[in-house]
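For reference, the structure discussed in these notes is given below.
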C-alpha cells in the first residue's frame, strides 16, 4: 500500500531525526476532502473515564482531531465538606480534611490544624513542628508518586505505575505505623498530633529515604530521555507565566512556567527558611517541564526530610494547653478533674476566639489555603478550603486549545488534579 | 443422549431460562463449569470516585495483586465488564451516570459497594450525597471501611466468588432484569427515605456553632431532619 | 464624610479594629491599606487586623472593580494574584461578605478585601476582567450562596447540577440534608435526560456542525480515499 507522507506542522517543534532533518509523520492530508472542513464534533469525556483522574467531565468541541474548545464540568464529587464543617467541632473536622485530597492527606491535616492554631493563637511545640514538616514532605513525595504513576499510565507507560505504587506501599506502611490508617490518616489535632512517633519510625523513614532515590532514578531512565515521552509532553499544554499568574495557577504548574513562587519560600512557616532546599522552576510551561519540576521536587523533599530527621528534637508533641489538649488517658481514668476536663473537651469541643484566619501551605498540588471563621464557639462559622486543583483545572480550557485529542489527556494528567479537592 | 428429564416436570409451564425445571445432575455439572469460568476472571468495572479508588488501585498494584484472580484487566467499557466496583462516594449528580453504567453492563453482572460511602453514605449525610448506592443499583457485596484496606476489597471479591459459586442456570431470576427498571432507582421511595434517616451519632450532629450551649438547635429546619 | 457601616455590621468578629479616619497619624501597619485610604477615602469602610498579622479591608461593594483594579494595576501595589474569592454567611439575617484574598508576587504581600452585601441585594460586579481565576471562583460563590456577579460571562452552577432547585447550599438557612426528601432527591437525580446534561453552548456545537454544509453529517461519513494513513498519536 502506498502511503503519501506530508510534513504537517501541528503547532509544535518537530523532532529532529537521526539524520538531522525533521521527522516526517504520515498524516491524513487536510486539503483533500473539502466538504469535511469546518465539521465540528462534540465529544464527551467522563465523568466515568479511566484517564480523567477522578470524576471529571470534559466536553470537547473538535475540529477533526484538534480541540477548538473545552468545557470542563465538575461537581460529581461535591461532598459539601464546607457545609459539613459548620456542624463539626474543630477537631472533628480533621478526618474530613483527609478525604478532600486523599493523595496527600497529611498535608491537609497539617494545613487545617495550622490555620486553626493561628486563629486560636496557639504555638505548637518544636517537636510537633518538625514532625509536621516530616509529614508534609513525606506526603508531597506520596502525592507526586501517584501523579507519576497515573500520568505515565495515561500516556502509555504502565510499568512506571507499578514502580510508583510499590514505593507508595512503603509510605503507606509509614502512615499506618504512625496514624493507624493508610490513607485517611487524621494525624493532627489542634495543638499537636494524635500521638507521638512510634519507636523505630524514624529508622524506617531513613531506610525509605536511602532507597527511594534509586527507584526514582530507575523511573527517570524510563521516561526522561524517552523520545515517546518527550514527543507526547514537550511543547504540549504550554501556558505562559503571565497567564498562569492571572489564572491563579500554583504549585508545579506555575513553577514550570517560570514563576518562582513557592509558599515555603515566600511565606515560610515552621522554619522552612532554615531548611536547605531548592525549588525547581521550569522554563517552557509545557507538560515536560511540569514533569521535570515534580521529579526534582521529590528529590528536594528527600533532602528536606533528611534534614528534618537530623534536627528532630525531643520533647512533648502536644502543646501544654488544657484548653485544647486532652489529658493523658491514665490520668483520665484515675483522677476526677482530668475526667471532667476530658469530658468537656470532647463533648463540648474546644472553643476558638471570634475572628478569622487564613493559612496557606505549599501542598503537592499547589497553594492550599485554609480560611476559618469563628464566632467564639466550638464549631466554625465558615471553613473555606482554597483547593489548588480547583483553580488549576480552570486553566485547562486555555491549555488545550489547538491541541490534539490525545494531548488533552496528557495535559489533564500533567495538571495533577484531585477531584476531592476540586469538588469539596 | 438428551437431557435427563425428571418425572412430573413436563406438565409444568415452560419457564424462561435455559433449563426449565429444577436442577439435575447434568445441570449441576454445567453450573459448576459455568460458575467456575465466571468467577475466575471477573473483569472489574472500576467506578472509582474518591479515596476508595486509590485503595482499589493499590489492590491492582503489585503488593495486593488482583491479577491472581484474573481481574487485572480493568474494563472501563461497561459492555465488557462483569463486576462493578463502586469505590468512593457517589453524589446525586453522579447517580444517573452510575445507573447508566450499571444498565449498560450485560448480564451476568455483580456489584460491590466498596467503602462506607458507597454502602450507606459514610461520613457524608449531606444534601448532595447518595446515602448508599443500593438505592440506585442492586448491590451484591458491601465492603465496609473508610477506605477498606486492599485486603478488605479482596475479601469482598472472594465473597462475590462465593456468591457466584452458589448460582445456577436453572434459576433465571438471578440474572433477570426488568427493562422497565432501566434508569430508575433500585428501591422504592419510602424505602429510600427510611434507609437514609440519620442514625447513631448523626442525630446529634446537626447543631451549628452555638456560642454557648450544646443543646440549642440554631437552625429550626434542621430539627426534624 | 466617612461612611460608617458599623451599625449594620453586627458580625461578632473581633480583631484589632482600626477605625476610619485615624489612619493619618498612626500607620495601619500595611502599606496598601494606607495607600487605599489615601486614594479612595470613603470607599474604604473599615480596616482590621485578624489573627495577629492578617490585614482585612472592608470596601463599598459598588466600587469593587475600581478598587481591586487599582490594587492590581498600580505598580506600588501590584496584586496580580488572586488567591481566593469566597463568601461568608454569618447567619441571623446579617449581610453576606464577599472575600477577596490577594497576593502581590512582586512585593510579596497579602491583603484581604471584603465587601458586604445585604441579603436583599446579593449582587456585585464581577472581577473576571481583572483576574481570570475569578471565573470559576465566582461561579462557585453563586452556586453556594446565590450572589450574582454582574458581567460574568457564564454565571451558572458549578458544583451542583444545573437544574438544582433546592437553593444555595452554604447559606445558613439551608439545612444540612437539603430541602427535599432523599427519595425526591434520588428521583430528580435519575430523571435527567441527555439535554439536561449538556449546556446550550455545547448543544450549539452539534447544531452548527450539522448546519455548516448541506451534506448529511449523520453517522460521521468517512472519506474513502486510499491515501488516508494513520494519525500522529504516539
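The values are calculated or read from the model by the stated rules, or taken from the named source; none is laboratory data. Keep in mind the model is a prediction, meaning the values are calculated, not measured. All Cβ positions, even for glycine, are placed from backbone atoms using ideal geometry, and neighbour counts span all protein chains on display.
One table, with the values for the structure above:
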read-out	value
The range A:108-130, residues that are out of contact with any helix residue (DSSP H, G or I) (no Cβ under 8 Å at 6 or more places or on another chain), surrounded by fewer than 24 Cβ atoms within 10 Å (Cβ to Cβ) and more than 14 Å from chain C (Cβ to nearest Cβ)	A:125, A:126, A:127, A:129
Which numbered condition residue C:162 fails, given (1) more than 10 Å from every other protein chain (Cβ to nearest Cβ); (2) touching a helix residue (DSSP H, G or I) at 6+ places or on another chain (Cβ under 9 Å); (3) over 20 Å from residue C:45 (Cα atoms); (4) assigned to a loop (DSSP other than H, G, I, E, B)	(1)
Some residue of the range C:14-24 being surrounded by 13 or more Cβ atoms within 10 Å (Cβ to Cβ), more than 14 Å from chain A (Cβ to nearest Cβ), modelled with pLDDT of 85 or more and touching a helix residue (DSSP H, G or I) at 6+ places or on another chain (Cβ under 7 Å)	no
Some residue of the range A:125-133 being touching a residue at least 40 places away in the same chain (Cβ under 8 Å), within 18 Å of the chain's Cα centre (by Cα) and at negative phi	yes
Counted residues, the range A:357-393 - those being within 13 Å of the chain's Cα centre (by Cα), more than 9 Å from every other protein chain (Cβ to nearest Cβ), buried (at least 24 other Cβ atoms within 10 Å of the Cβ) and in a strand (DSSP E or B)	2
Some residue of the range A:288-296 being more than 25 Å from the chain's Cα centre (by Cα) and surrounded by 15 or more Cβ atoms within 10 Å (Cβ to Cβ)	no
Residue satisfying condition, being more than 30 Å from residue C:51 (Cβ to Cβ) and modelled with pLDDT of 90 or more, within set A:404, A:368, A:393	A:404
Lone qualifier among A:77, A:145 - being in a helix (DSSP H, G or I) and within 14 Å of chain B (Cβ to nearest Cβ)	A:145
Number of the condition not met by residue C:131 [criteria: (1) more than 10 Å from chain A (Cβ to nearest Cβ); (2) in a loop (DSSP other than H, G, I, E, B); (3) under 12 Å from the mean Cα position of the chain (by Cα)]	(1)
Only listed residue being within 14 Å of chain B (Cβ to nearest Cβ), out of contact with any helix residue (DSSP H, G or I) (no Cβ under 6 Å at 6 or more places or on another chain) and modelled with pLDDT of 90 or more, chosen from C:187, C:150, C:157	C:187
Test set (1) more than 22 Å from residue C:115 (Cα to Cα); (2) buried (at least 21 other Cβ atoms within 10 Å of the Cβ) - residue C:170 fails condition number	(1)
Whichever residue in the range A:55-68 is facing another protein chain (nearest Cβ under 7 Å) and assigned to a loop (DSSP other than H, G, I, E, B) and, among such residues, is farthest from the chain's Cα centre (by Cα)	A:65
Hits in the range B:98-129 (condition: more than 15 Å from the chain's Cα centre (by Cα) and either without any contact (Cβ under 8 Å) to a residue 24 or more places away in the chain or part of a loop (DSSP other than H, G, I, E, B) (or both))	B:122, B:123, B:124, B:125, B:126, B:127, B:128
Output for the range A:394-407, where each listed residue is crowded, with 24+ Cβ neighbours inside 10 Å and touching a helix residue (DSSP H, G or I) at 6+ places or on another chain (Cβ under 6 Å)	A:399, A:400
Members of the range A:166-181 found to be crowded, with 22+ Cβ neighbours inside 10 Å and within 9 Å of chain B (Cβ to nearest Cβ), listed by number	A:168
Hey, residue A:198 farther than 30 Å from residue C:110 by Cα, more than 11 Å from chain C (Cβ to nearest Cβ), in contact (Cβ under 8 Å) with a residue 24 or more places away in the chain and surrounded by fewer than 15 Cβ atoms within 10 Å (Cβ to Cβ) or not	no
Test: residue A:158 is over 24 Å from residue A:116 (Cα atoms), within 14 Å of chain B (Cβ to nearest Cβ) and without any contact (Cβ under 8 Å) to a residue 24 or more places away in the chain	yes
Residue A:298 being more than 14 Å from chain C (Cβ to nearest Cβ) and without any contact (Cβ under 8 Å) to a residue 12 or more places away in the chain	no
Residue list for the range A:346-356, filter: at the interface with chain B (Cβ under 10 Å from one of its Cβ atoms) and surrounded by fewer than 24 Cβ atoms within 10 Å (Cβ to Cβ)	A:347, A:348, A:349, A:351, A:354
Test result for residue C:193, modelled with pLDDT under 90 and more than 14 Å from chain A (Cβ to nearest Cβ)	yes
Leading residue by the ranking (surrounded by the fewest Cβ atoms within 10 Å (Cβ to Cβ)) among those in the range B:57-96 that are without any contact (Cβ under 8 Å) to a residue 24 or more places away in the chain and either in contact with a strand residue (DSSP E or B) (Cβ under 7 Å, 6 or more places away or on another chain) or assigned to a helix (DSSP H, G or I) (or both)	B:68
Among (1) assigned to a loop (DSSP other than H, G, I, E, B); (2) modelled with pLDDT of 90 or more - the single one residue A:71 does not satisfy	(1)
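Table: residues versus (1) under 19 Å from the mean Cα position of the chain (by Cα); (2) buried (at least 21 other Cβ atoms within 10 Å of the Cβ); (3) part of a helix (DSSP H, G or I).
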{"site": "A:268", "(1), (2), (3)": "yes, no, no"}
{"site": "A:278", "(1), (2), (3)": "yes, no, no"}
{"site": "A:285", "(1), (2), (3)": "yes, yes, no"}
{"site": "A:309", "(1), (2), (3)": "no, no, yes"}
{"site": "A:327", "(1), (2), (3)": "no, no, no"}
{"site": "A:342", "(1), (2), (3)": "no, no, yes"}
